[in-house]
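Before any comments, here is the structure.
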Amino acid sequence: MRRLDDAVQAVLRHRWPEPWCWEVVVKAVCDDMHSTWDADHAVIQAGPAVSAYADPLAASLRSRLGRFARASDHEVETLALALAGTGDLRALPALHRLAEHGGLPYDRAKSRIMAALPSAELAEVMLTKLRRAADDYHRNTTTLDLLALCGAAAAPAVDEVARRLDTPYAYDAMRVLGGIGPAAAGTADRLAAFATGRDPRAGRPHPRRAAWAHWRVTGDPTLALDVCGAAVRSGTASHGLPFLADLGPAAAAHADAVRGLMESPGAWTRVAAAHAYRRITGDPEPAVPVLPAEVDPAWTGHPALPVREAVRRLGEIGAPAATAVPLLVGILAQEERLTYPYERVRILADTAYVRTLTEALERIARFKRPV
């Protein structure tokens with residue numbers, strides 16, 4: 001047990017633990033008589049780090065499915081999520097079974113592990129879960145969050161998602177409908193009613209999201225430009241900037257207002273404005289000094305700071321952001337994981353940050369981290 005405890009602590013603490021550590025953790029999880037809560041939650045978050053152990057994970061999961069009535073939901077879910085995090089389709093039978101029986105994670109961070117699966121297959125699982133979500137808050141919001149990540153592949157869920165426009169989950173439903181695009185055109189009138197305030201349920205911050213979704217399903221940007229542009233001019237910038245960024249050059253009339261917000265006292269607004277200005281104008285130069293200033297090398301993962309978002313936007317700028325390379329390389333070289341998130345999501349948070357850093361460096365300077 002001491003060896004397992006040491007291995008779990010190593011994978012929780014270090015970005016690149018010794019290979020034997022993940023081997024010990026996976027072996028313990030596959031052998032349910034020798035696992036621990038910490039080992040289970042570590043392997044669930046592992047993702048590609050346990051790709052080499054996909055076969056034993058799949059075999060253990062298959063064994064549990066064979067005795068589903070006797071195996072605990074926790075055992076099945078642990079193995080299914082660990083396998084799903086590697087993108088392995090052998091997780092799907094268990095995920096479908098869990099969705100049918102009201103299983104799968106309730107919190108967004110943990111549920112996003114499944115996003116490593118192909119979008120079409122993931123959308124099928126989430127549609128099953130959505131049909132059984134009833135009025136449960138967490139089941140609805142986490143399921144809609146996953147469906148939004150599926151984009152156009154979530155089209156079979158349009159009717160089920162559209163029903164959520166009459167519920168407290170309308171905002172999340174709009175994200176899904178906008179991601180689906182033209183296949184959700186039948187919801188255009190409802191979305192327009194939300195965006196203009198004609199729908200009695202419309203309220204802050206629904207108008208901006210509804211206007212954006214209306215553009216995505218109809219292809220007509222007029223309403224989105226009016227509503228989101230007005231939000232930026234009125235001072236509620238954080239609710240309009242991401243949508244103007246998506247609209248890109250079509251939002252050129254709002255470029256000056258967006259540029260002014262790069263001097264906002266709010267860090268999130270500065271980052272969003274820098275990104276939106278570059279997307280609207282195609283000019284990265286004003287954004288380059290803004291974004292690195294928000295990348296704190298000592299960041300612990302606290303979500304109040306837009307550090308990871310700033311790194312992502314630097315990557316999207318590419319070569320013109322080359323001055324940020326030494327900063328990003330130094331952060332990526334750190335051995336310790338982010339420390340702020342709880343252990344149940346610490347590996348997830350740090351892995352996502354490492355991926356963002358690596359992708360940004362590759363796009364800026366074709367950087368490759370030594371193996």
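The values are calculated or read from the model by the stated rules, or taken from the named source; none is laboratory data. Values in this document were obtained by computation on a predicted structure and should not be read as measured data. Every residue, glycine among them, receives a Cβ derived from its backbone with ideal geometry; neighbour counts consider all protein chains shown. With ligands, DNA and RNA removed, areas are computed over all heavy atoms of the protein, side chains included. Shrake-Rupley method; radii C 1.70, N 1.55, O 1.52, S 1.80 Å.
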For the chain, the percent of accessible surface on carbon and sulfur atoms (probe 1.4 angstrom, ligands and nucleic acids excluded) is 53
Ordering 271-277, 324-330 by per-residue average of other C-beta atoms within 10 angstrom, highest first, gives 271-277, 324-330
Contour minus Cα-Cα span, Ala365 to Ala253, at 0.36 nm per residue, comes to 37.1 nm
Packing-ranked peptide list from 209-219, 39-49, highest mean Cβ count within 10 angstrom first, is 209-219, 39-49
When the charge dipole of the chain is computed with +1 at the Cβ of Lys and Arg and -1 at the Cβ of Asp and Glu, the Cα pointing farthest to the positive end, of Val232, Asn140, Val271, is that of Val232
Treating only Lys and Arg (+1) and Asp and Glu (-1) as charged, each at its beta carbon, one finds that the stretch 87-132 has a dipole about its Cα centre, in Debye to the nearest 20, of 160
Leu65 and Ala293 label points (each 7 Å along its Cα→Cβ direction) are spaced in nm at 5.3
Most packed first (mean Cβ within 10 Å per residue), the peptides 221-234, 129-142 order as 221-234, 129-142
Averaged over all viewing directions, the convex hull of the alpha carbons in the stretch 114-251 casts a projected area in nm² of 8.0
Residue-normalised value, i.e. accessible area per residue, for the chain at 1.4 Å probe, in Å², stands at 45
In terms of the alpha carbon gyration tensor, root eigenvalues a ≥ b ≥ c, rounded if a/c is under 1.5 and otherwise prolate when a/b exceeds b/c or oblate, the stretch 243-305 is prolate
The extension gain from Trp20 to Glu100, computed as 0.36 nm times the residue separation minus the Cα-Cα distance, is 25.2 nm
Kirkwood calc, the stretch 82-154, C-alpha pairs only, radius in angstrom 11.8
Dividing the helical contributions, -39500 (n - 2.57) per DSSP H run of n ≥ 4, by the residues of the chain yields a 222 nm value, nearest 500 deg cm²/dmol, of -17500 deg cm²/dmol
From the Cα centre of the stretch 249-263 to that of the stretch 321-363, the distance in Å is 30
Taking only the alpha-carbon atoms of the stretch 1-116, the convex hull volume per residue, in cubic angstrom, is 93
Taking 0.36 nm per residue of separation between Ala115 and Asp55 and subtracting their Cα-Cα distance, the length gained on full extension comes to 19.6 nm
Per residue, the convex hull enclosing the alpha carbons of the stretch 311-371 has a volume in Å³ of 79
With the dipole of the chain defined by +1 on each Lys or Arg Cβ and -1 on each Asp or Glu Cβ, the option from Val76, Ala173, Tyr342 whose Cα lies farthest towards the positive pole is Ala173
Expressed in angstrom and rounded, the centroid-to-centroid distance over alpha carbons for the stretch 21-86 and the stretch 125-153 is 24
Computed about the Cα centre, the charge dipole of the stretch 214-371 from +1 Lys/Arg and -1 Asp/Glu charges at the Cβ has a magnitude in debye, to the nearest 20, of 320
Here the stretch 181-329 gives, from Cα atoms, an Rg and Dmax in Å of 16.4, 52
With +1 on the Cβ of every Lys and Arg and -1 on the Cβ of every Asp and Glu, the dipole magnitude of the chain about its Cα centre, in debye rounded to the nearest 20, is 280
Treating every alpha carbon of the chain as one equal point scatterer without solvent, the Debye formula yields log10 I(q)/I(0) values at q = 0.11 Å⁻¹ of -0.86
Nearest-0.05 FRET efficiency for His302 and Arg13 at R0 = 22 Å, using Cβ-Cβ distance, is 0.75
Under the Karplus relation with 6.51, -1.76 and 1.60 and θ = phi - 60°, whole-Hz ³J(HN,Hα) for the stretch 359-366, x at Gly and Pro, equal 5, 5, 5, 4, 6, 7, 9, 6
